[in-house]
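The values are calculated or read from the model by the stated rules, or taken from the named source; none is laboratory data. Given the structure is predicted, the values throughout are model-derived calculations rather than measurements. With ideal geometry, Cβ positions are generated from the backbone for all residues, glycine too; neighbour counts draw on all protein chains shown. These area figures cover heavy atoms from the full protein model, side chains too; ligands, DNA and RNA do not enter into them. Shrake-Rupley method; radii C 1.70, N 1.55, O 1.52, S 1.80 Å.
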Amino acid sequence: MINITLPDGTVRQYEKGASSMQIAQSISEGLARNVLAATVNGEVWDATRPIHQDATLRLHTWQDKEGKAAYWHSSAHLMAEALEALYPGIKFGIGPSIDNGYYYDVDTGDTHLTPADLPKIEEKMLELARLKNQYVRREVSKQEAVDFFVEKGDEYKLELLEGLEDGSITFYSQGNFTDLCRGPHIPDTGVIKAVKLTSLAGAYWRGDEKRKQLTRIYGITFPKAQELKDYLDLIEEAKKRDHRKLGTELELFMFSEKVGQGLPIWLPKGTQLRERLQNFLRAEQEKQGYQMVVTPHIGGKNLYVTSGHYAKYGADSFQPIHTPREGEEFLLKPMNCPHHCEIFGHRPRSYRELPLRIGEFGTVYRYEQSGELHGLSRVRGFTQDDAHIFCTVEQVKGEFLKVLELTQMVIRKMGFENFTAQISLRDPEKPEKYIGSDANWEAAEKAIIEATAEVDMVTTTAYGEAAFYGPKLDFMIKDALGRSWQLGTIQVDYNLPERFELEYIGADNQTHRPVMIHRAPFGSMERFISILIEHTAGKFPLWLTPDQFALLPISDRLIPYCEEIRQKLGEHDIRGFVDERTESIGRKIRDTELKRVPIMLIIGDKEAEAGHVSVRRQGQGDMGSMSIDEFITWFQTQL
RNA sequence: GCCAGUGUAGCUCAGUUGGCCAGAGCAGCUGAUUUGUAAUCAGCGGGUCGGGGGUUCGAAUCCCUCCACUGGCUCCA
């Protein structure tokens, strides 16, 4: 008999060799029907795999991450089976599960797959799924595995086998398909009820651009047709909110072929939004002791030779700008930190000045590969909400705390609920990769961990993800559709102070090297606004939106009265415009609704006589009539 | 940069075996209407069919090339 410990702490006894599935059955039939996989002693296994020793057991269903992963990974195998049936001789790369579904990289030889081929693959998958074939695990010797794929002529699997050790190799089969696979898999194909192949893309074998490009087929599957429908609806909704579409519709920004790809042009409304956001951030930062600076858009080549960026990125950057005579070379500013280092270094600094917080909404230019550009989220010219904090190692934690608090406050003010961070630390195996003393690293890493704990921030920790020059923290938010976005970072840097030979005079009258903290909590205005547009579907918070109200006169003769109201509201810092078009009121309301102006003030004779406005909120409808003063008071409550 | 796809009026899109002067809706302009909570009516203007080259009697349509955009891959100080 073996002892199985369940998550609630209860221990049950089973025959040696019982599977998770059998254990689930002993608990409840219903549970057993839903089991997709199980974690046995910390390792995710097939639910059907026999357990031969005492173990802790956690059963996975569609409701949890591991269950979904097994389900989608098994779906990838099902797709492979369908592909093999439809395209004999097809070769397979890798086929993992991903956050939303799975993909399989395939080499179809001379056949060329197009999106039109996907429906018939979906059909085949459903047909095979209905057979309820079991996923069968089998341990094989390396020789046996090699023989199998030599016979099959699949060089990709053979290459994968090269990296595997004999004795650790398993095959999984379902129906007529057998694959090299570590598993785990779901019990059988019967639970795969809804299938959608979402896209087709090229992907380099093993992610290496020098190697052959395979066809990657993305798909997603669900246990219920309704779930697939919900998922597709979500995709539709995301399409409607796409910031590129809304940015054009709301006239926030544009692109121009002549100006150049990846170089956003901010239109008046977008500029208003952006400036308002910047002013807000600037005011909050100044409260925290930041000092704003402005530095030029180009910098001498030597600046970047000193910073080390020239050696590392020079070849892949916009190339130097040359002066006509003197043979000087300048680079478009790809980041603000070297300039800020010069600010720190331009005169002797005392420890009394630390932490010195130098902030700048600095516009930087980076050469991004053309295929990488995407709306406002990936561009070649953008403005960072940047600042560099020069401080002592002891001050790092306090500064992290302040940045965390600032960021949390701002994010909440924007209407985001779900805010987390990833802490990136050294790879403990490879200390030689990093610059800076062990003691400093330990202190900084500890400071980051403690600071995030103090502000109750949900974090994940990634070892080996730190930059060579210091540990960092990346902010993540989830938007209204549940999608995760990476915002900005806070990074500790031991490297630049070294390269720029930055020093301050300590209380001991000796010179010391400051630590530098890079921080841009929102990353860039462009990217942040793209996220904000999609999160709010263009319905920005009232304080931030370009036009807060539109005055809609029912007849042209009421325009002067509307103008009066506009003036009066302007005196109270409430901004908006009068719709002076000779159109029906229905038309004016419709157009204003579509422009996402949050408040409509409808003015007819009744209102003009009474000195009232009739208030309508975008997306909500009529709020009734009130006096101008009542409206002003009500407006303040809406902010 | 690589693979695949797309590119017709300001926007959304018709226009597929190559063939009359390339169409629609919305937007715009002009006129009429002066309107009570999501589209008033009528008329008009607007396109080198992404750019260039080629095949052809004839190209939005076929071929080559360049550009931009979309989805991925690689990259991201």
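Quick notes on this one:
- A:Val305 being among the hydrophobic types (A, V, I, L, M, F, W, C) and farther than 17 Å from A:Glu501 by Cα: no
- Every residue from the stretch A:545-578 that is touching a residue at least 60 places away in the same chain (Cβ under 8 Å) and farther than 18 Å from A:Arg616 by Cα: A:Lys568, A:His572
- The set of residues from the stretch A:484-512 being crowded, with 16+ Cβ neighbours inside 10 Å, more than 11 Å from RNA strand B (Cβ to nearest atom) and outside any strand (DSSP E or B) comprises A:Tyr494, A:Pro497, A:Arg499, A:Phe500, A:Leu502, A:Glu503.
- The residue of the stretch A:566-584 that is nearest to RNA strand B (Cβ to nearest atom), among those that are under 17 Å from A:His612 (Cβ atoms) and touching a strand residue (DSSP E or B) at 6+ places or on another chain (Cβ under 6 Å), is A:Val578.
- A:Leu569 satisfies every condition listed in (1) open to solvent by less than 20 Å² (accessible area, probe 1.4 Å); (2) within 30 Å of A:Glu607 (Cβ to Cβ); (3) more than 40 Å from the chain's Cα centre (by Cα) except (3).
- Of all residues in the stretch A:222-236, exactly one satisfies the criterion of being among the acidic types (Asp, Glu) and surrounded by 14 or more Cβ atoms within 10 Å (Cβ to Cβ), namely A:Glu227.
- Candidate set from the stretch A:71-96 (those that are in contact with a Lys or Arg (Cβ under 7 Å, 6 or more places away or on another chain) and crowded, with 18+ Cβ neighbours inside 10 Å); member that is farthest from A:Phe177 (Cα to Cα): A:Phe92
- Filtered by the rule that a residue be part of a loop (DSSP other than H, G, I, E, B) and open to solvent by less than 50 Å² (accessible area, probe 1.4 Å), the stretch A:182-204 gives A:Gly183, A:Pro184, A:His185, A:Ile186, A:Pro187, A:Ile192.
- With respect to the stated conditions, A:Lys132 is closer than 25 Å to A:Ile192 by Cβ and touching a helix residue (DSSP H, G or I) at 6+ places or on another chain (Cβ under 7 Å).
One line per residue, one yes/no per condition, for (1) surrounded by fewer than 21 Cβ atoms within 10 Å (Cβ to Cβ); (2) out of contact with any helix residue (DSSP H, G or I) (no Cβ under 7 Å at 6 or more places or on another chain); (3) touching a residue at least 12 places away in the same chain (Cβ under 8 Å):
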{"site": "A:His346", "(1), (2), (3)": "yes, yes, no"}
{"site": "A:Arg357", "(1), (2), (3)": "no, yes, yes"}
{"site": "A:Tyr365", "(1), (2), (3)": "yes, yes, yes"}
{"site": "A:Gln369", "(1), (2), (3)": "yes, yes, no"}
{"site": "A:Phe419", "(1), (2), (3)": "yes, no, yes"}
{"site": "A:Lys430", "(1), (2), (3)": "yes, yes, yes"}
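- Filter result for the condition that a residue is away from RNA strand B (no atom under 16 Å from the Cβ), more than 21 Å from A:Val396 (Cα to Cα) and either in contact with a helix residue (DSSP H, G or I) (Cβ under 6 Å, 6 or more places away or on another chain) or among the aromatic types (Phe, Trp, Tyr) (or both), over A:Arg282, A:Arg274, A:Arg325: A:Arg274
- Hits in the stretch A:30-50 - residues which are within 15 Å of A:Pro7 (Cβ to Cβ), open to solvent by less than 60 Å² (accessible area, probe 1.4 Å) and at pLDDT 90 or above: A:Val35, A:Ala37, A:Ala38, A:Thr39, A:Val40, A:Val44
- Taking first residues from the stretch A:292-319 that are over 14 Å from A:Cys341 (Cα atoms) and partners that are among the acidic types (Asp, Glu) and not in a helix (DSSP H, G or I), the Cβ contacts under 6 Å between residues at least 6 apart in sequence or on separate chains come to A:Lys301/A:Glu329.
- Which listed residue, of A:Val150, A:Val140, A:Val106, A:Val146, is open to solvent by 70 Å² or more (accessible area, probe 1.4 Å) and either among the β-branched types (Val, Ile, Thr) or not assigned by TED's automatic domain parsing to the domain that holds A:Lys196 (or both): A:Val150
- Neighbours by Cβ (under 9 Å, 6+ apart or cross-chain): first from the stretch A:598-622, at negative phi and open to solvent by less than 50 Å² (accessible area, probe 1.4 Å); second of a type in the set (S, T, N, Q) and more than 9 Å from RNA strand B (Cβ to nearest atom): A:Pro598/A:Thr545; A:Pro598/A:Gln548; A:Pro598/A:Gln638; A:Ile599/A:Gln548; A:Ile599/A:Gln638; A:Val613/A:Ser627; A:Arg617/A:Gln638
- Qualifying residue in the stretch A:206-219 (condition: open to solvent by 60 Å² or more (accessible area, probe 1.4 Å) and aliphatic (A, V, I, L, M)): no
- Within the stretch A:128-147, the residues that satisfy the criterion of being outside any loop (DSSP other than H, G, I, E, B), closer than 14 Å to A:Ser173 by Cα and not acidic (Asp, Glu) are A:Leu128, A:Ala129, A:Gln134, A:Val136, A:Arg137, A:Arg138, A:Ala145.
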